[in-house]
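All remarks here apply to the structure that follows.
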Amino acid sequence: MNVDYHALAPEIILGITVLAVLVVDLLRIPKYWTAVIGLVGLFAAFVPVLTLGFCESLDFCTEPETAQRVLFGGSFVVDTFSLVLKGLFLGATAVALLLSVGYIEEDRYWQGEFYFLMLCSALGAVVLASSRDLVTLFVALELVTGPTFLMAGWRKGDPRSNEAALKYFIIGVLSAAILLFGMSLVYGYTGELTFGGIRAATAALGDSALLTIGVILTLLGFAFKVSAVPFHFWTPDTYQGAPIPVTAYLSVVSKTAGFVGLLTLSYQAFAELRDVWGPLLWILAALSMTVGNLIAVRQDDIVRLLGYSSIAQGGFILVPFGAAVAGNVTGDQLEQAFFATVTYLLIYAVMNMGAFAVVIAGANRLKSTLIADWGGLSSYAPGLAGLLALFFASLAGIPPIAGWFAKLVMFSSVLGVDSGWATALAVIAVLNSVVAFYYYAKVIKSAWFDQVPDTIPAAELRGMGRAVAPSLQFALVLTAVGVLVLGIFPNLIADVGDVAKTVAAGF
Amino acid sequence: MTSWPFLVVAAHFVGAAVLLAMPRRSRRAAVVVALAPMAAAVVMAALAAGAVIDGDPVTADISWLPALGVSLDVRFDALALIFTFAIAAIGMAIITYAAGYFAPEADLRRFLALLVGFAGAMMGIAITDNLFGLFVFWELTTVTSYLLVGFQDEKGSARAAALHAILTTSLGGLAMLGGFVLLFQAAGTATLSEIVASPPSGTTTTVALVLIFLGAFTKSAQAPFHFWLPGAMAAPTPASAYLHSATMVKAGVLLLLRLAPGFAATGVWTPVVLTVGLATMMIGAWRALRQTDLKLILAYGTVSQLGFMTALVGLGSPVMLHAALAVLVAHALFKSTLFLVVGAIDHQAGTRDIRVLSGLGRRLPWLALIAVLAAASMAGVAPLLGFATKEAAVAALLDEHAWIALAVISVASALTATYALRFVFGAFGTKPPSGEVDHVGPEVAAPGPTLWGPPALLGAAGLVFGIVPGAVDAVVSAAAPGGKLVLWPGWNLALGVSIAIIAAGVAIYAAPAALAHLQHRVAARLAALHVPSAEGSYRWLIDMLNRVADRVTGITQNGSLPVYIGVILITTLTVPAAAWIGAGGALPQLPPLGSAAEIALGVFVAVVAIAVLRAKRRLAAVILLGGVGYSIAGVFVLFGAPDLALTLLLVETVTVAVFAFVLGRLPRRFEEQPWRLGRAMRAGVALVVGGFVTAAALVTNGIRTAPPVADVYVELAPDAGGRNVVNVILTDFRALDTLGEITVIAAAAVGIGALVMRTRTQRRTDDVPDTAREAA
């Protein structure tokens, strides 16, 4: 079999890294080497992503290239879309790993195993970005999810961490069952596994109630991954109970993996069934935004607040899917919707990772994640307070920080469609943006305008507490530069706008 | 010099960044750094003025996101010129003032950084010719103003007010963004000047305009959103003087002025904008009469004046736009002067309460003179700029026979004269001694030159431009040709109206008892009608948001895993079921009744399953569950799959055994379920799920289209040299799968073996950190 090893290089490098971490962990050398190897592996895997992406402009790339490389009978495709997301997954995992170093090292529990699991999960995500058939998609998704069950319960001594892992596991397994049931119905009806085949079969066979149920159940299985309401129940408890770096990982990599599945399935496999998934995702988007935001309003714990905010942000990311609810939607508009979701995912990854990095840095210092305890942060840690304002303002969508651009393309994607339903979703999104603004602003207000609470010992304020670890500093700088650059030069994303054309081709 | 305006705006942001990086102590240097970009803006505006007034705007294309129509294109026309000049000139006055206003321990550097950043954003709004670029600057002013209003950290009220202001304006801002996107879709371009030159029409445009109105109204404190402005008076006074009189609140009016030439003829324009403007003008003036805090008098006065401008823009004809812009310029001058005077009083006397201040006029006559000049301009007294502009407005209203608007504006203007008097006498007058409050006044120290200099300059400008209105008129007419500002209009009807307005204002002021009575009556009537006040509505809304949030949290996040799973199951059932019914899906076909043995076995399974539920002890439940499994094995036997039955028997046995081990560590009995309804609901969910799965199984079997794969296997089995199909599948058809499974089992066995050995030979190491293990 003639295998395009260049196309598979990111996965191969990551796979080798996973094994290397496992082996190094057995050696009697300091455990942080496992983290170093993991980080090096992630950056190394990034290299082929770049060479693949810029293949046409590179000299050594001699093979006649088209926009995409199709492997294994169409099950595995490397195109711009998958490369962009591979880059996202690798970058976000690298940041999550940087966040973990200090955190996991502090308790000194099973560092090697932890990085091994995180990299396994990342490998799943990278494969998922290229998966173009039901089985590969499912296996990749479970590879993403499986290790995170263990990671969520990493603080073994903490009952909340145990509860976090157990709830996550039980609801996760239930959702996997729903997903498989749906996929089996789709396969049973169409007799096809590849997305292209399913699309052709649905076009030829026409509609059927059975197929509809299969599609709905498949997508609902993914609703769990993206924490869409009402499949979000595990999210806050798990986010709060899990170690914060794991929460960051879950809220970005794991969630994005779910969205990638939704994107490829909806726009490719179920492209002819827009009247099924359009309304379904419309409802999920509206519910997720509204419920996530409403609950976030009353949170006094910053991690829990970010947990609910990530549910709401997930709703915003779902909004462009809602454009498909209109019967008269054009191919161009669907492409724009696809582009909007990918853009939002990229920006969300950077800003959410940054927000969690700030929370970890602050929690290290203050030994508290209560927002009230963060009052007056600017008076003794102005840099941290500035970064907090930066990331939360980005989440709120204030220009010229990256988040605003995500919101702009999100609004445009539904407002551009001439349909009452699409417009209604835009209105819901606007109202929710305001509510979200309210609680993000409250956090910024607390850090900048409130008094330092008496409960914080003076020693912490004078900087006697632990300084921010170098790895964490690196993560903070990376994400901060990211939100600023993406906000001021959104062209960087707009230039990869042809992601939509390769996946949603043929609308 | 085409991109000079843009560079000047950028210079403000650079200046803000430099200020933030400076050491906190260097106040003098901070002032210089803050003044520099504004001075550059004044110079730039002066150099460009000649060409711009001749109708030749400075334009530059500054591309940002061409694919989405987003750019920072510059169009420095006369309107932008007026705003840039006002922002920069008044800004310089405010910066000088702030240097004297803030106590040495306050972080002046941070205040100036925010102020300069704000000024840059504000100029950006004025010079940008792109909808989305405008939005970006718009939001930047919101954010910087948020930080400026909350600048006085120690005041709790400042924090609440800052949040309040940002919420209101950001709501409007987001609505406006929606409007911009729609307008962009309708017009096909995001360039403002092009849109106005060939305005689109239709429903989309109307919706877009309404959304944009929301943005403009919230920013310019129009009813019913006006309430944030008085609240924002918690800001330090220099910030109020700048943001809440001269600049930020004018952004809404500016946007309306920009759009008016293209859209004033649209059906939705005049009714909405005029009504809102008139209502705001009345409400603001009316409430200004009730205040005792000097700053609040000015704040409500600002609301009222903004309503005045909005109403004029609402009428939409060129002459009205001209008048609106003239009023805007006059207002920027007199209102910032008055704010700065209040700041000086507050700074020296420590209070701004007109019931407490007394005799200040005699102590500080020069400050009083400045205040009188500005207040007279506000009331519309000749020969100040306020007179010329109000005269222009009245004349325009008379010309166009806009009687209702004229009536409302006249009444509100009379009230304006009244609160102008109230302000002057409240701040500087001598009050009769009263037993309730200790007056503050005669012992107040004179303010330093930085505190009286800037307001004196601004106040004098109002006088100079009032005497020579041509200077202002030249620029205003270039931006909105149509009207004319004159010092002396001659004896005509408009002058008569103006005189009547001022006379009425004085008369109302002279009868405070009657006014108080009327105010009381109106307040009582409004209370009786249960008309919600705007501020009450805001509180109610925030309260409501919090309460709804609590309810939603309580309902959805009760922490119970069974409830969570129940909701998920119900959702996964109802959505497909609805789709099924909606699609007119087939109903499940019941298969023919089976043999007696099958029926008996089925009944047995059901009975055992129910018994599981009734079991009180855990062990009993587990054994009964095993019984269900064994019975299913029986079903396999009946259908001729003894190997499968055997496998199931083994699995069930192992499961029960494992359970039994675990149960040794758990209480023997289940905890009682006290909540009957909860049990009923669980039973319901379980039944529905079971029913759904059964129905789905029946239906999917019933609508099979392709021949089952089993037939193929049976057919092919002899070719593979076997008769037992299962064996053939395992060893031939899917041999590779079997190999994989064997590998997995072997790996798992090795792992289990290792674990078992380890626990036997080593103590538990779960809780020993890596370091300890490394050391071991």
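Any read-out appearing in this document is the output of simple, stated calculations on the displayed coordinates, not a laboratory observation. Predicted, not measured: the structure shown is a model, and the values here were computed from it. Please note: Cβ atoms are built from the backbone with ideal geometry, for glycine as well, and neighbour counts cover all protein chains shown.
Numerical summary
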item	result
Cα-Cα over 27 Å, subset of A:Lys86/A:Lys167; A:Lys167/A:Lys367; B:Lys295/B:Lys484; A:Lys367/A:Lys407; A:Lys255/A:Lys445; A:Lys167/A:Lys442	A:Lys86/A:Lys167; B:Lys295/B:Lys484; A:Lys367/A:Lys407; A:Lys255/A:Lys445; A:Lys167/A:Lys442
Within region A:177-297: Cβ-based charge dipole about Cα centre, in debye rounded to nearest 20 (Lys, Arg +1; Asp, Glu -1)	200
Shielding by partners, peptide B:564-577 (average Cβ within 10 angstrom, other chains)	6
Estimated FRET transfer efficiency when R0 is 41 angstrom, pair A:Leu26-A:Asp4 (beta carbons, to 0.05)	0.75
By average C-beta atoms within 10 angstrom, highest first, the peptides B:640-648, A:265-273, B:106-114	A:265-273, B:106-114, B:640-648
Descending principal axes extents, region A:273-507, alpha-carbon based, whole Å	63, 33, 23
Helix axis angle, B:131-149 relative to chain B longest principal axis, alpha carbon, degrees	80
Centre separation in Å (Cα based) which lies between region B:299-334 and region B:627-690	78
Exercise: per-residue mean of other protein chain Cβ atoms within 10 Å, A:210-216	6
Taking the convex hull of Cα positions in region B:222-350, its mean projected area over all directions (nm²)	7.1
Value of Rg to Rh for region B:1-267 (Rh from inverse mean 1/r over Cα pairs, i.e. Kirkwood)	0.98
Shielding by partners - mean other protein chain Cβ count within 10 Å, residues of B:542-553	4
Between 0 and 90°, nearest 10: helix B:403-428 axis offset from chain B longest Cα axis	80
Tilt relative to chain B, helix B:269-288 - C-alpha long axis, 0 to 90 degrees, to 10	70
Computed over region B:3-102: relative contact order in percent, which uses C-alpha pairs under 8 Å that are six or more apart	30
Order by protection proxy (mean Cβ within 10 Å, highest first), peptides B:176-182, B:130-136	B:176-182, B:130-136
All-pairs alpha carbon distance profile, chain A, 10 Å steps from 0, percent	4, 20, 31, 27, 13, 4, 1, 0
Ranked by how many other beta carbons lie within 10 Å on average, peptides B:610-620, A:356-366, A:87-97 from highest	A:87-97, A:356-366, B:610-620
Projected label distance in nm at B:Ser560 and A:Leu50, using a 7 Å step from Cα toward the beta-carbon	5.5
Sequence-separation-based contact order of chain A, relative, with Cα cut under 8 Å and 6+ spacing, percent	14
Region A:273-507: relative contact order as a whole-number percent, Cα under 8 Å and 6+ apart	28
Stretch gain in nm, segment B:Leu613-B:Thr731, where the contour uses 0.36 nm per residue and the Cα spacing is subtracted	38.4 nm
Scattering curve values for region B:426-493, log₁₀ I(q)/I(0), Debye with Cα scatterers, q = 0.12, 0.19, 0.24 Å⁻¹	-0.63, -0.88, -1.10
Percentage of interatomic Cα-Cα distances in region B:188-274 larger than 22 Å	34
Percent of beta bridges antiparallel (DSSP, chain B, rounded to nearest 5)	80
Two-decimal log10 I(q)/I(0) for chain B, as the Debye equation yields it once each C-alpha is a single scatterer, q = 0.08, 0.09 Å⁻¹	-0.74, -0.83
Alpha-carbon Rg/Rh ratio, for region B:274-510, with Rh computed the Kirkwood way	0.99
Burial ordering of B:Asp77, A:Asp4, B:Asp711, B:Asp293, fewest other beta-carbon atoms within 10 Å first	B:Asp711, A:Asp4, B:Asp293, B:Asp77
Helical segments meeting 30 Å axial Cα length and Kyte-Doolittle -1.0 threshold in chain A (DSSP H)	A:5-26, A:32-53, A:80-107, A:159-190, A:274-297, A:331-366, A:420-449
Rounded FRET efficiency, nearest 0.05, which uses the C-beta distance separating B:Ile53 from B:Leu529 and R0 of 56 Å	0.65
Alpha-carbon Debye profile of the protein assembly as shown, log10 I(q)/I(0) at 0.05, 0.09 Å⁻¹	-0.44, -1.16
